[in-house]
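Beneath this line is the structure, given in structure tokens, with notes to follow.
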Amino acid sequence: MLRLLRTFCLRGVAFLYLAAILIGPLALVFFRTFEHGFRPAWDALSTPETINAFKLTLIITAIAVPLNTIFGIACALAIVRRRFPGKGLVNAFVDLPLALSPVVVGLALFLLYGRDGWFGFLGEHGIQILFSLPAMVIATIFVSLPFVAREVVPTLREIGDEQEQAARTLGANSWQTFWRITLPAIRWAVIYGVILTAARCLGEYGAVAVVSGRLQGETETATLRVEERYESFDVAGAYAISIVLALMAVVVLVAMTAIRPKEGTT
Amino acid sequence: MSIIATGISKRFGDFVALDAVSLEVPTGSLTALLGPSGSGKSTLLRVIAGLEAPDAGEILISGEDATGIAPQKRGVGFVFQHYAAFKHMTVRDNVAFGLTIRKRPRDEIRKRVDELLELVQLQQFGHRYPAQLSGGQRQRMALARALAVEPEVLLLDEPFGALDARVRAELREWLRRLHEEVHVTTVFVTHDQEEAMEVADQIAVINRGRVEQVGAPRDLYEQPATEFVMSFVGPTTRVGGSWVRPHDLEVLLAPADGATEAMIERVIHLGFEVRVELVRADEGKIWAQLTRDQCEELELADGQIVYVRPASERVFV
């Protein structure tokens with residue numbers, strides 16, 4: 001009886017916590033957006049600046065995710081399968097973006113690519129990094145760097161290297177071994193990492209805010225657009241964009257949950 | 001198709017796994033590397049396969065220097081203790097892997113895989129995944145996979161170590177028969193002397209990174225070169241500062257030349273074999289191995305005083 005009570009209390013606390021922190025605010029955003037019907041929300045979303053903002057967010061995500069996937073897998077392979085000096089350092093540095101505030105990342109890029117920075121000379125040669133797509137992509141890549149590697153490392157450790165050795169003795173070179181043995185064995189971890197990376201890219205704000213220059217209709221991503229609308233007292237517009245971002249997150253989450261049960265079978 | 005290892009050394013940090021090991025495996029033989037765990041036997045096998053690079057020494061396979069050659073170019077088949085099955089592939093695809101990599105025509109692959117599945121008696125299991133097989137079936141699949149590419153030498157690393165006793169006995173006999181059929185030069189690693197004696201026609205006893213003795217099973221048993229071989233290959237008991245096989249210990253009811261007094265502590269009946277545990281006044285416990293008939297004739301019982309004497313010719317001092 002007491003145990004039953006305890007279970008219910010625990011569940012109640014967990015649910016209330018989630019409701020207060022997550023579900024409540026989200027529901028409120030939904031409510032506010034459609035308070036005056038569907039029309040105002042649609043109008044806010046169909047302005048050229050907003051469409052451009054979403055386009056930009058998707059472009060950045062589409063560049064950052066594949067690059068970080070390749071880097072993440074290579075990095076995980078190096079950490080788990082190879083021995084080299086400074087390995088511990090690499091292992092620690094992969095986690096750095098998780099600990100570092102995105103604003104600091106943005107500032108660091110600013111110092112690096114600014115007029116007086118190390119790579120400031122690029123600007124003199126007409127290569128624009130700051131206040132344009134390249135800087136935003138670099139910033140996003142930096143903040144979403146660890147996810148694939150962090151997912152793949154434990155899976156690689158778990159499967160061990162016997163299957164890979166078996167493939168080698170059967171005549172496979174390292175490339176064939178990777179494609180036919182290693183990648184299929186870690187595929188769910190990779191997909192999971194990709195989803196987390198994508199979610200992080202879509203929602204990135206801090207680092208991009210610093211390096212983008214926030215030019216409306218040019219270097220303004222969806223998250224930046226939300227803030228801009230809010231500051232311009234267009235609360236309905238800010239909510240509408242938020243809703244779309246929230247829906248994207250939901251899609252990503254659903255995809256993740258759909259994949260999870262299959263993880264057990266491989 | 002012979003293997004010749006010369007002066008192979010390998011260290012892992014401070015641990016010396018192999019210390020200038022030399023070994024010759026004749027063409028078509030079935031050789032066991034026998035030794036306790038940590039003796040270096042698996043490392044030697046992995047060096048032969050190219051999965052481990054030796055610090056010194058060279059490996060010749062079929063007369064050609066293979067020392068610096070990558071494992072995929074050595075023409076070896078390797079079977080791992082824990083099967084190393086490709087979990088995301090069916091049994092068929094597992095067996096076909098080496099042939100697929102070599103881009104053989106599809107019909108040829110199908111035919112060869114059918115043959116091999118029949119050889120390892122897994123015809124009905126071709127479309128299953130490794131997770132749906134028992135341990136013994138997985139290991140037979142791994143063997144078929146290794147044989148598919150027609151390796152010059154077949155290397156097995158504790159192939160039956162992860163299986164239960166009954167399946168292990170079955171597979172031993174099966175490996176022996178397979179070797180008679182296929183005749184590929186085979187080396188297998190084991191820590192089980194009975195397994196080595198039963199399956200191999202040549203045994204190399206390895207201890208602390210060195211080869212103690214190489215020979216036919218019977219030679220090792222009857223003419224052990226070192227104390228270690230004597231005690232590792234077959235049972236031993238220590239009588240008067242030397243090692244004796246328990247079945248070479250004579251149990252007498254009356255005092256005799258060279259026999260010492262002992263008291264029977266326990267008589268254990270193990271079917272055909274009877275194990276007699278004895279205590280000697282001067283130096284503690286020994287045991288003798290008798291047949292059931294011998295034991296009955298002597299009417300041995302717990303607490304009885306008897307006289308024991310080693311049959312001299314097989315004593316190792």
Inset, instruction - Would you check which residues across the stretch B:101-110 are surrounded by fewer than 19 Cβ atoms within 10 Å (Cβ to Cβ) and either more than 8 Å from every other protein chain (Cβ to nearest Cβ) or not in a helix (DSSP H, G or I) (or both) and list them? - result: B:102, B:103, B:104, B:105, B:106, B:107, B:108, B:110
Inset, instruction - Please name all residue pairs, on different chains or six or more residues apart, with Cβ atoms under 9 Å, provided the first residue is in the stretch B:144-172 and is without any contact (Cβ under 8 Å) to a residue 12 or more places away in the chain and among the β-branched types (Val, Ile, Thr) and the second residue is surrounded by 23 or more Cβ atoms within 10 Å (Cβ to Cβ) and part of a helix (DSSP H, G or I). - result: none
Inset, instruction - For the stretch A:3-10, indicate whether the set of residues that are hydrophobic (A, V, I, L, M, F, W, C), outside any helix (DSSP H, G or I) and more than 30 Å from residue A:193 (Cα to Cα) is non-empty. - result: no
Legend entry - Filtered residues of the stretch A:233-252 (kept if within 16 Å of the chain's Cα centre (by Cα) and free of Cβ contacts under 8 Å to residues at least 24 places away in the same chain): A:247, A:250, A:251
Inset, instruction - Filter the stretch B:52-90 for residues that are among the hydrophobic types (A, V, I, L, M, F, W, C) and closer than 14 Å to residue B:154 by Cα and give the result. - result: B:61, B:76, B:78, B:79, B:80
Inset, instruction - Determine which single condition residue B:38 fails, assuming it passes every other condition in (1) at positive phi; (2) outside any loop (DSSP other than H, G, I, E, B). - result: (2)
Legend entry - Subset of the stretch B:36-88 [within 8 Å of another protein chain (Cβ to nearest Cβ), of a type in the set (A, V, I, L, M, F, W, C) and in contact (Cβ under 8 Å) with a residue 24 or more places away in the chain]: B:49, B:51, B:76, B:78, B:80, B:84, B:85, B:86
Legend entry - Qualifying positions in the stretch B:8-27 - out of contact with any helix residue (DSSP H, G or I) (no Cβ under 9 Å at 6 or more places or on another chain) and closer than 20 Å to residue B:202 by Cβ: B:22, B:24, B:26, B:27
Legend entry - One residue from B:27, B:43 being part of a helix (DSSP H, G or I), within 18 Å of residue B:156 (Cα to Cα) and of a type outside the set (Gly, Ala, Ser): B:43
Legend entry - Given (1) closer than 30 Å to residue A:162 by Cα; (2) in contact (Cβ under 8 Å) with a residue 40 or more places away in the chain; (3) among the aliphatic types (A, V, I, L, M), index of the condition residue A:133 fails: (1)
Legend entry - Unique match (being within 14 Å of chain A (Cβ to nearest Cβ), surrounded by 17 or more Cβ atoms within 10 Å (Cβ to Cβ), touching a Lys or Arg at 6+ places or on another chain (Cβ under 6 Å) and closer than 20 Å to residue B:179 by Cβ) among B:113, B:95, B:120: B:95
Legend entry - Residues satisfying the stated conditions in the stretch A:142-166, i.e. of a type in the set (A, V, I, L, M, F, W, C) and within 11 Å of chain B (Cβ to nearest Cβ): A:159, A:166
Inset, instruction - Run residue A:161 past the list (1) surrounded by 21 or more Cβ atoms within 10 Å (Cβ to Cβ); (2) over 28 Å from the mean Cα position of the chain (by Cα) and report the number of the one that doesn't hold. - result: (1)
Legend entry - Only listed residue being in contact with a strand residue (DSSP E or B) (Cβ under 6 Å, 6 or more places away or on another chain) and either within 30 Å of residue A:83 (Cβ to Cβ) or within 14 Å of another protein chain (Cβ to nearest Cβ) (or both), chosen from A:169, A:182: A:169
Inset, instruction - Quickly run through the stretch B:250-275 and pick out the residues that are in a loop (DSSP other than H, G, I, E, B) and not small (Gly, Ala, Ser). - result: B:253, B:255, B:257, B:272
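Every number here is computed from the coordinates shown, using simple stated rules; none is lab data. All values reported here derive from a predicted model rather than from experimental measurement. Methodologically, a virtual Cβ is constructed for each residue, glycine included, from the backbone with ideal geometry; neighbour enumeration extends over all protein chains shown.
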